[in-house]
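*Asks:* Have a look at this one.
The values are calculated or read from the model by the stated rules, or taken from the named source; none is laboratory data. In this text, all values refer to a predicted model and were calculated from it rather than measured experimentally. In this analysis, Cβ positions are derived from the backbone assuming ideal geometry, glycine residues included, and neighbour counts consider all displayed protein chains.
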Amino acid sequence: MINYIWFFMILAGVITAASKGEIHLVTEGVLKGSEQAVLVAAGLIGVVSFWSGVMQIAQDAGLMRALARLMGPLARRLYPEVPPDHPAMGSLLVAMSANLLGLGNACTPLGLKAMGQLQELNRDKETASDAMCTFMAVTSSSLTVIPTTIIALRLTHGSLNPTDIIGPIAAATCCSTVITIVLDSLLRRLTHRRRLP
């Protein structure tokens, strides 16, 4: 679906430029956009590397495991059908902890591993289980305490206080996560009622 949206946006831009007789603007836009993308990416390398290193130190020091232990009671309520001693629960906790610390690069492979283990527990292999849907929703809402990428972007664009965004982002992602959990719970109850004869 996203490919169709991108195609439509590109096509609309080309048609608009051609109708105004300024098709050269498309080429200029593509070249300037590509140049800016490279500059932003190059500027982010150092900052993201630094924060990834800090987060790796935190992970090696056991911070993620401590967070996983703290989040255990919440995870058992979010994923009641996942046995507490199953490897999937451990993967869920570590992935959620990585997300909390803004470790998007670490969260992706951990999340894929968790999904694979949840699929092993899934009775209907053709349909996502409740736990899989909940995990996807909670991960997408992304409660984040340290938004490393946004801090890096603000820093590369000359922000005097790039970390000022931490509080508002923590508050916004907290709200989005709470709303996600509430909606997930409501939808779960609704679907279970529909399944009952």
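*Asks:* Among the residues of segment 1-33 satisfying the criterion of being surrounded by 10 or more Cβ atoms within 10 Å (Cβ to Cβ) and of a type in the set (S, T, N, Q), which is modelled with the highest pLDDT?
*Replies:* Looking at residues that are surrounded by 10 or more Cβ atoms within 10 Å (Cβ to Cβ) and of a type in the set (S, T, N, Q), I get T16.
*Asks:* Any residue that is assigned to a helix (DSSP H, G or I), surrounded by fewer than 19 Cβ atoms within 10 Å (Cβ to Cβ) and of a type in the set (D, E) - is there at least one of those in segment 80-101?
*Replies:* No, the conditions are met nowhere in segment 80-101.
*Asks:* Determine whether T108 is modelled with pLDDT of 85 or more, closer than 18 Å to T173 by Cβ and part of a helix (DSSP H, G or I).
*Replies:* Details: modelled with pLDDT of 85 or more: no; closer than 18 Å to T173 by Cβ: yes; part of a helix (DSSP H, G or I): yes.
No: the conditions fail for T108.
*Asks:* While we're here: Based on this model, can you work out whether T156 counts as within 28 Å of A41 (Cα to Cα) and not hydrophobic (A, V, I, L, M, F, W, C)? Talk me through it step by step, then tell me what you get.
*Replies:* Values: within 28 Å of A41 (Cα to Cα): yes; not hydrophobic (A, V, I, L, M, F, W, C): yes.
Considered against the rule, which asks whether it is within 28 Å of A41 (Cα to Cα) and not hydrophobic (A, V, I, L, M, F, W, C), T156 comes out as yes.
*Asks:* Need pairs with beta-carbon distance below 7 Å; first residue closer than 12 Å to S140 by Cβ and within segment 169-180, second not in a helix (DSSP H, G or I); sequence gap 6+ or separate chains.
*Replies:* T173/S142; T173/L143; T173/T144; T177/L143
*Asks:* If I ask for residues that are hydroxyl-bearing (S, T, Y) and modelled with pLDDT of 80 or more, which ones from segment 145-162 would you list? It would help to see each step written out before you state the result.
*Replies:* Taking segment 145-162 as the starting set, the residues that turn out to be hydroxyl-bearing (S, T, Y) are 148-149, 156, 159.
Of everything in segment 145-162, just one residue is hydroxyl-bearing (S, T, Y) and modelled with pLDDT of 80 or more, namely S159.
*Asks:* Also, quick follow-up: Can you pull out every residue in segment 119-161 that is of a type in the set (S, T, N, Q) and either loosely packed, with under 15 Cβ neighbours inside 10 Å or part of a loop (DSSP other than H, G, I, E, B) (or both)? Reasoning before the result, please.
*Replies:* Initial filter on segment 119-161 (of a type in the set (S, T, N, Q)): 119, 122, 127, 129, 134, 139-142, 144, 148-149, 156, 159, 161.
Selection gives Q119, N122, T127, S129, S140, S142, T144, S159, N161.
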